[in-house]
Amino acid sequence: MNTDYLDPINSLNMPEMADMTFAMDFLLRAKEGVRNLSIALTETASPDVRALLRNHLKQGIAMHQEITELMIRKKWFHPYELNEQYQLDQLSAKNTVMIGQMNLFPDDTSRKGMFDRTPDEHIGGHKA
């Protein structure tokens, strides 16, 4: 397991993994919005409110479809190839466990010696 999160080599593919994570979260939020709008639509008696909710529901479904198509095109989501989706989910779970085991907050948090001068050195020492 890799424990050196500060090594730049470990950030390889990180932007794409972040994009995939954000897209999946966005997809789940869109799905949740569609579900909530559907429930609200069945609970509403006013014709004007029903029309408004129906319009928002159509937009939510269209947004969910766009996000899904983007994720399929980028190969971040495989709804029709369960074996590939399973492998992707396994990799995601492995990465999550690895990040959870990293020592992101070391015991020694002293920054002494990391900078070439003190922040207030330019104004004459420690008088700031």
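Within 10 Å, count the other beta carbons around each residue, average over each peptide in 81-90, 63-72, and list them highest first.
Ranking the peptides 81-90, 63-72 by packing returns 63-72, 81-90.
Can you give the net charge of the other residues whose Cβ lies under 14 Å from the Cβ of Ile61, counting K and R as +1 and D and E as -1?
+2
Just to verify a number: FRET efficiency for Glu69 and Met14, C-beta to C-beta distance, R0 = 22 Å, to 0.05?
Approximately 0.35, to the nearest 0.05.
How high is the relative contact order of segment 17-68, in percent, counting Cα pairs under 8 Å that sit 6 or more residues apart?
Result for segment 17-68 is 50 percent.
Taking the Cβ of Glu84 as the centre, find all other residues whose Cβ is under 15 Å away and add up their charges (Lys, Arg: +1; Asp, Glu: -1).
Net charge around Glu84: +1.
In sequence order, what are the phi-derived ³J(HN,Hα) couplings for segment 13-23 according to the Karplus relation 6.51 cos²θ - 1.76 cosθ + 1.60 with θ = phi - 60°, rounded to whole Hz, with x for glycine and proline?
6, 5, x, 5, 5, 5, 4, 4, 5, 5, 5
Below 15 angstrom from the Cβ of Thr96, what's the summed charge of the other residues (Lys, Arg +1; Asp, Glu -1)?
Computed value for this residue: -1.
Read the figures in this text as sums done on the coordinates, not as results from a lab. Fair warning: this is a prediction, and the values are worked out from it, not measured in the lab. So basically every Cβ, Gly included, is an ideal-geometry build from the backbone, and we count neighbours across all protein chains shown.
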